[in-house]
Amino acid sequence: MARHTETIEIITRDQRRRRWSTAEKAALVRKTYEPGRSVSLVARQEGLAASLLFTWRRLEREGALVAVGAGEAVVPASETGTSQCGRSADGAARQGL
């Protein structure tokens, strides 16, 4: 006769969302590529949504997970002199681009 056990996670803080470091995300993504493992299996084992792991895998393919861990400073668009709509900080349209 097989015994089934169930794991229950008890959250004792007010914080509902867990924070994952870049290294933790990368390690979990690597696990999903191991032989015999799937995204769903790793997600169940680690207690997170499979969709989150799929998102991290996509970000890794795009280089986004590595860029965050590279130690490069992030500069807000407001400090670069242009916004996303192609206008300078003072409202003038950019020329020649």
Could you figure out which of (1) at pLDDT below 95; (2) surrounded by 13 or more Cβ atoms within 10 Å (Cβ to Cβ); (3) not aromatic (Phe, Trp, Tyr) isn't true of residue 21? (2)
Select, from 97, 65, the only residue that is of a type in the set (A, V, I, L, M), loosely packed, with under 10 Cβ neighbours inside 10 Å and either modelled with pLDDT of 70 or more or in contact with a Gly (Cβ under 9 Å, 6 or more places away or on another chain) (or both). 97
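The values are calculated or read from the model by the stated rules, or taken from the named source; none is laboratory data. In this text, all values refer to a predicted model and were calculated from it rather than measured experimentally. We place every Cβ from the backbone using ideal geometry, glycine too, and count neighbours over all the protein chains shown.
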